[in-house]
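This report concerns only the one structure given below.
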Amino acid sequence: MSTIGEVDTSLLVYSSLAAYGSRRGGALPGTWFVAALGGLGHSGAAVRQALFRLERDGAVVAERRGRHKLYKLSAFGKASVDAGTEKLFQEPSRAWDGKWTICIASFGDRHRAVRDQVREVLDVEGFAQLARGVMVHVRDKTARIRQALATMRPRPAVTLFRGARPVDEDDSALVARLWDLRDIDRRYQLFLARHGVAARGALSPEQAFARRFAIVIDFLEVAWDDPELPAALLPPSWSGHRARVLARRLYRTLLPASLVHGDAILHGVGGKTLVEVHR
């Protein structure tokens, strides 16, 4: 509860739509978020403000259905959620083709909203800043970024390249300059220490609902900064592998009961029929 009570409400909205909304037609009524996140220590005002902000910034789209307002992820919002889902469930390849992804972006003063969207997509993918307006990653992240860019208006001035680094500095030295791997490993170790001890006794649906959020938020707060380096560029005894395995196992264990609690909230706010119609 200390994790989810203090986290930005917007992250809980993202996580709700990813884990629960995606299994219930993709959209959820605003009243569901108020009830569900209220039980996690977030006031109704904070939830409504988060939904307003996400809709304004293009991360979610809303549709009015009678007295209900249904929210679902936009293409931009889905790109961020998909990046987090991949970090949790997909094991990064230990091999590497030696090529880097380079993203060059420039924005005018009138395009701050689009600039922030681009930065968010790059941040959740684990890009590092090489120079002003230049972000780099060791993996091929072009497909999801291009998909997100295609929906942004006005279309951002972003150029993507893939290529090897032909200068004298070796890849390991450049990685060490761009990412603080020691700190990321330390934070993964904290995640393992915090969540590695199994809870005693069976959890209620409400407890499983809350703990699933805590697992995801705690893991992704580290994984978003993790560039998913190939084995050749990782330090020995990298804790990220064990952290991902633990997070994935706990997520799958907690999900069934978590869905039960989410369904109870949906029935309570009268949203079940609305979501089924919206499928």
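The values are calculated or read from the model by the stated rules, or taken from the named source; none is laboratory data. Just so we're clear, the structure is a prediction, and the values are computed from it rather than from any experiment. When we count neighbours, we look across all protein chains shown, and the Cβ atoms used for this are built from the backbone with ideal geometry, even at glycine.
Consider residue 127 against the criteria (1) surrounded by fewer than 18 Cβ atoms within 10 Å (Cβ to Cβ); (2) under 17 Å from residue 99 (Cα atoms); (3) within 18 Å of the chain's Cα centre (by Cα): it satisfies all of them except one. Which criterion is unmet? Evaluating residue 127 over (1) surrounded by fewer than 18 Cβ atoms within 10 Å (Cβ to Cβ); (2) under 17 Å from residue 99 (Cα atoms); (3) within 18 Å of the chain's Cα centre (by Cα) leaves (1) as the failure. Scanning the range 131-165 for residues that are over 11 Å from residue 99 (Cβ atoms), basic (Lys, Arg) and surrounded by 13 or more Cβ atoms within 10 Å (Cβ to Cβ), we see that the one that is nearest to the chain's Cα centre (by Cα) is 144.
Restricting the range 189-212 to residues that are of a type in the set (Gly, Ala, Ser) and modelled with pLDDT of 90 or more, the residue that is surrounded by the fewest Cβ atoms within 10 Å (Cβ to Cβ) is 193.
Just wondering, is there one or more residues in the range 206-220 that are in contact with a Gly (Cβ under 6 Å, 6 or more places away or on another chain) and within 28 Å of residue 132 (Cα to Cα)? Within the range 206-220 (the criterion being in contact with a Gly (Cβ under 6 Å, 6 or more places away or on another chain) and within 28 Å of residue 132 (Cα to Cα)), the answer is yes, since at least one residue qualifies. Every listed requirement among (1) within 17 Å of residue 124 (Cα to Cα); (2) of a type outside the set (Phe, Trp, Tyr); (3) surrounded by fewer than 17 Cβ atoms within 10 Å (Cβ to Cβ) is met by residue 217 save one, (3).
Within the option set 122, 70, being buried (at least 20 other Cβ atoms within 10 Å of the Cβ), touching a strand residue (DSSP E or B) at 6+ places or on another chain (Cβ under 7 Å) and over 23 Å from residue 16 (Cβ atoms) holds for one residue only, 122.
Restricting the search to helices (runs of 4 or more DSSP H) fully inside the range 146-230 and requiring at least 1 residues that are in contact with a strand residue (DSSP E or B) (Cβ under 8 Å, 6 or more places away or on another chain) gives 171-178. Among residues of the range 116-129 that are assigned by TED's automatic domain parsing to the domain that holds residue 147 and more than 19 Å from residue 180 (Cα to Cα), those with a beta-carbon under 6 Å from a residue that is of a type outside the set (D, E, K, R) and outside any helix (DSSP H, G or I) at least six positions away or on a different chain give the pairs 117/152; 118/105; 118/156. Pairs are defined by a Cβ separation below 9 Å, a sequence spacing of at least 6 or placement on different chains, a first member in the range 146-158 that is within 14 Å of residue 112 (Cβ to Cβ) and among the small types (Gly, Ala, Ser), and a second member that is part of a loop (DSSP other than H, G, I, E, B) and at pLDDT below 80; the pairs so defined are 157/107; 157/108.
Report yes if residue 36 is more than 24 Å from residue 122 (Cα to Cα) and in contact with a strand residue (DSSP E or B) (Cβ under 9 Å, 6 or more places away or on another chain), otherwise no.
In short, yes.
Would you confirm whether or not the range 168-175 contains a residue that is closer than 21 Å to residue 12 by Cα and modelled with pLDDT of 90 or more?
For the range 168-175, residues closer than 21 Å to residue 12 by Cα and modelled with pLDDT of 90 or more: absent.
Report, by residue number, each residue of the range 79-119 that is of a type in the set (Lys, Arg), over 25 Å from residue 217 (Cα atoms) and surrounded by 13 or more Cβ atoms within 10 Å (Cβ to Cβ). Selection gives 99 alone. Could you check residue 238 against (1) of a type in the set (Phe, Trp, Tyr); (2) at pLDDT below 95; (3) touching a Lys or Arg at 6+ places or on another chain (Cβ under 8 Å) and say which number it fails? Of everything listed in (1) of a type in the set (Phe, Trp, Tyr); (2) at pLDDT below 95; (3) touching a Lys or Arg at 6+ places or on another chain (Cβ under 8 Å), residue 238 misses just condition (3). Look at (1) in a helix (DSSP H, G or I); (2) charged (D, E, K, R); (3) touching a strand residue (DSSP E or B) at 6+ places or on another chain (Cβ under 6 Å) and you find that residue 112 fails only one, number (3).
Whenever a residue of the range 245-267 is not assigned by TED's automatic domain parsing to the domain that holds residue 38, its partners that are of a type in the set (Gly, Ala, Ser) and not in a helix (DSSP H, G or I), lying with C-beta atoms within less than 7 angstrom and at least six residues away or across chains, give the pairs 246/196.
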